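The values are calculated or read from the model by the stated rules, or taken from the named source; none is laboratory data. Predicted model, so just to flag it, every value in this text is computed and none were measured. Counting neighbours? That spans all protein chains shown, and the Cβs are built from the backbone with ideal geometry, glycine included.
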Amino acid sequence: MPQLDRIIIFSQIFWLFVIFVLIYIVLTHFFLPKFTKALKSRKQIIETNDVEILKLTSKIITKQLLLKQLLLKNLVTINTLLSHEFSTSNIVPKQNIHKIDIKISTVTRNVSLYCDVQLFNCIFFYPKSLNNTFKSV
């Protein structure tokens with residue numbers, strides 16, 4: 001059988017070794033640096049994107065906190081105005097109600113323009129016709 005002949009097997013092993021060494025050298029010298037560059041650049045892109053996302057989220061959180069503080073401050077002033085007006089007289093003059101309505105409308109406008117939906121959903125509105133007393137949440 002010629003495939004089991006001892007003379008032929010040495011040349012086959014030699015050429016097999018030479019071909020595999022050449023393929024290994026070509027892969028490690030030409031293709032492996034390109035693969036490592038691609039992987040490193042992808043890793044750097046992901047890291048820079050993560051840093052940018054963290055910066056943006058921190059900015060958003062600080063802006064949301066400032067808006068919440070402003071909203072709470074305005075709601076406290078409205079509460080004091082309402083409590084002062086309702087405690088001083090049983091019948092509230094139309095001018096003061098108009099001032100209160102203007103302040104409430106500006107607050108709700110600012111919340112709807114500059115805040116997220118979650119914060120806007122925290123404010124409860126009661127119609128004047130159904131409820132004449134002030135409700136605090």
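Going by the structure shown, is Leu66 assigned to a helix (DSSP H, G or I), exposed (fewer than 10 other Cβ atoms within 10 Å of the Cβ) and modelled with pLDDT under 95? When the stated conditions are applied, Leu66 does not pass them. The residues of the range 72-88 that are touching a helix residue (DSSP H, G or I) at 6+ places or on another chain (Cβ under 7 Å) and modelled with pLDDT under 75 amount to a single one, Glu85.
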